[in-house]
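> This structure is in structure tokens; I'll ask about it shortly.
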Amino acid sequence: MAFQCQRDCYMKEFVTSVVSCHPDELKQEVNGKREKIKGFSVKLQDTILFPEGGGQPDDHGLIGDVPVLRVTRQGPEAVHFVSSPLEVGQEVQVKVDWERRFDHMQQHSGQHLITALADTMFGYKTTSWELGRQRSTIELDTPCMKPAQLQALEEAVNEKIRAHIPVAVQLLSIDDPAVEKVRSRGLPEDHAGPIRIIDIEGIDANMCCGTHVSNLSDLQVIKFLGTEKGKKNKTNLIFLAGTRVLKYVEKSYSVERSLVSLLKTGPDDHVEAVDKLQKSVKLLQKYNTSPHNVCFLIRDMAVLVAQNFKSDPKRGNFFSLHKKEGDNEFMNIIANELSTEETLVFLTVGEEKGPGLFLLAGPSGPVTEMGPRVLEMLQGKGAGKNGRFQGKANSLARRGEVEAFLQQYCKHHTSEEE
């Protein structure tokens, strides 16, 4: 049988009755994982919700106020998966998600038109196609398409759309001689009922179960995004039809405006501006990865850190710093730049709670007294002389405790001097 959605693809609401309803489960992908959802499988006397088939995804919609999560075909019947049970025999109103439906109609009819003209113009047969969520793909039986061929095909497709050509649906019996004359990739094994033919007047007649526009003008426009190498020496042609083209233009314009703001140039100069940025980044990366330049960068950073502390009028007699990137040279440069005869300096480099390096510098007495205690708290190995105690820390997890311990020592030492 043909469903109401196939007899009238533009019908948005339909009254029918529930034939059966029984508990069932639906396997669905949720956040990248396959999960089972408990619900009910419902069969209706007829439906305007298309069950997936012919490369076209299923419709979404409502039965009464119950959302339909999936529609599949079982022989001549459509099975609707819903979350709540419906009473057998009750009359229900079915509503289709029209935005989704019309999008599928535009993409599917667009595929038929492209397929027909690719065959007529170049002899390229369609071996499969996919109606994707954002873009659709037609697999053509050719190893490549020249740019001139792609342009000519796109122009021909849009010319047919502007010509306002009717698209008709015919229902033929399986033994009708006319069936042999239409384009087809075969019928499913469980097919039942009449053969449905989609006839684009004067262009194509193709066996198909999907929903389609009634006139090519409803496609609005078709845009080719390009081609990709397909499987087994074939070519994938990527396209958008109708509203998807408008959404694509809107999104592209939004990105363009953002790039104008970021790059401070007009759209025509974006490629050149990004190219210059990439070259600058590569040059900087090359400079920064040179061992000679890295040494200078480390020294400059260390000197700047020390100068910032010395220029702070509110600085005390204790300075502490941790850097994930750094080495012994980095810490010693900071200590050399600071007046460690008056200031106690505690520096660490490495992962915050992992292994690293440490340096305690300052007056010889306090450093000699506290160095072993710092070493113990950092679970490290090291030694000290001449007002410096440094080494390797197995764990910097207690760094905060060490800092608090040293600060307390400095405060106590300062109050005794006063």
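> Determine the sum of side-chain charges near Lys247: Lys and Arg each +1, Asp and Glu each -1, restricted to other residues whose C-beta is under 13 angstrom from that of Lys247. Walk me through the numbers before you get to the answer.
On the way: positive: Arg133, Arg135, Lys223, Arg244, Lys251; negative: Glu99, Asp103, Glu250.
That works out to +2.
> What is the helix-to-structure angle for 364-377, meaning the angle in degrees between its Cα long axis and the longest Cα principal axis of the chain, kept from 0 to 90 and rounded to the nearest 10?
In the chain, helix 364-377 runs at an angle near 40 degrees to the longest axis.
> Related question: Which percent of the accessible area of the range 293-415 is formed by carbon and sulfur heavy atoms (probe 1.4 angstrom)? Working shown, then result.
Details: 3420 of 6830 Å².
After summing per-atom areas, the C and S share lands at 50 percent.
> Rolling a 1.4 angstrom probe over the protein chains, ignoring ligands and nucleic acids, what is the accessible area of Lys95 in square angstrom, nearest 10?
Looks like 80 Å² after rounding.
> Moving to a separate point now. Express in whole angstrom the spacing between the alpha-carbon centres of the range 242-286 and the range 328-398.
Taking the Cα centre of the range 328-398 as reference, the centre of the range 242-286 is 48 Å away.
> May I pose another question? Based only on Cα atoms, what mean projected area does the convex hull of the range 4-96 have, in nm²?
Values: hull surface 24.6 nm².
Computing the convex hull of the Cα atoms and averaging its projections yields 6.2 nm².
> While we're on this one: Given a 1.4 Å probe and heavy atoms of the protein chains only, how would you sort Cys9, Cys144, Cys209, largest accessible area at the top?
Details: Cys9 10, Cys144 75, Cys209 50 Å².
Listed by decreasing accessible area, they come as Cys144, Cys209, Cys9.
> Which order do the peptides 350-360, 22-32, 126-136, 146-156 come out in when sorted by mean C-beta neighbours inside 10 angstrom, highest first? Please report the intermediate quantities before stating the final value.
Details: 350-360: 18.5, 22-32: 10.2, 126-136: 16.3, 146-156: 13.5.
Top of the packing list down: 350-360, 126-136, 146-156, 22-32.
> Related question: Give the carbon-plus-sulfur fraction of the accessible surface of the range 11-143 in %, rounded to a whole number; probe 1.4 Å, heavy atoms of protein chains only.
On the way: 2960 of 6470 Å².
Percent of accessible area from carbon and sulfur atoms in the range 11-143: 46.
> Order the following by accessible area, largest value first: Tyr409, Tyr253, Tyr10. Probe radius 1.4 Å; ligands, DNA and RNA are ignored.
Numbers: Tyr409 50, Tyr253 125, Tyr10 75 Å².
Output order, biggest surface exposure first: Tyr253, Tyr10, Tyr409.
> Roughly to the nearest percent, how much of the accessible area of the range 249-288 is carbon and sulfur, given a 1.4 Å probe? Could you put the intermediate results ahead of the total?
Values: 2100 of 3550 Å².
So the carbon and sulfur contribution to the accessible surface is 59 percent.
> At 1.4 Å probe radius, can you tell me the per residue accessible area of the chain in Å²?
Working: 23870 Å² over 418 residues.
I get 57 Å² per residue for the chain.
> Using Cα positions and a limit of under 28 Å, work out the lysines in reach of Lys12, with same-chain residues fewer than 8 apart set aside.
Lys27, Lys38, Lys43, Lys95, Lys160, Lys223, Lys247
> How long are the semi-axes of the ellipsoid equivalent to the chain, from square roots of 5 times the Cα gyration tensor eigenvalues, in whole Å, largest first?
Values: eigenvalues 1070, 187, 67 Å².
Working through the eigenvalues yields semi-axes of 73, 31, 18 Å.
> For Lys411, go through the lysines and keep the ones whose alpha-carbon is under 21 Å away, minus same-chain ones fewer than eight residues off.
Counting by Cα, and skipping residues close in sequence, Lys411 has these lysines nearby: Lys310, Lys314.
> Right, another one. Tell me which lysines have Cα within less than 19 Å of Lys392's Cα, excluding those fewer than 8 residues away on the same chain?
Partners within reach: Lys323, Lys324, Lys353, Lys381.
> Here is a follow-up. Say the cut-off is 32 Å between C-alpha atoms; which of Lys33/Lys146; Lys251/Lys276; Lys229/Lys251; Lys36/Lys234 go over it? Numbers along the way, then the final one.
Numbers: Lys33/Lys146 40 Å; Lys251/Lys276 25 Å; Lys229/Lys251 26 Å; Lys36/Lys234 37 Å.
Beyond 32 Å: Lys33/Lys146; Lys36/Lys234.
The values are calculated or read from the model by the stated rules, or taken from the named source; none is laboratory data. Here the structure is a predicted model, which is why all the values come from computation and not from measurement. Every residue, glycine as well, gets a Cβ built from its backbone with ideal geometry; the counts of neighbours run over all protein chains shown. Ligands, DNA and RNA are stripped out before the accessible areas are found, and what is left, the full protein with its side chains, is counted by its heavy atoms. Shrake-Rupley method; radii C 1.70, N 1.55, O 1.52, S 1.80 Å.
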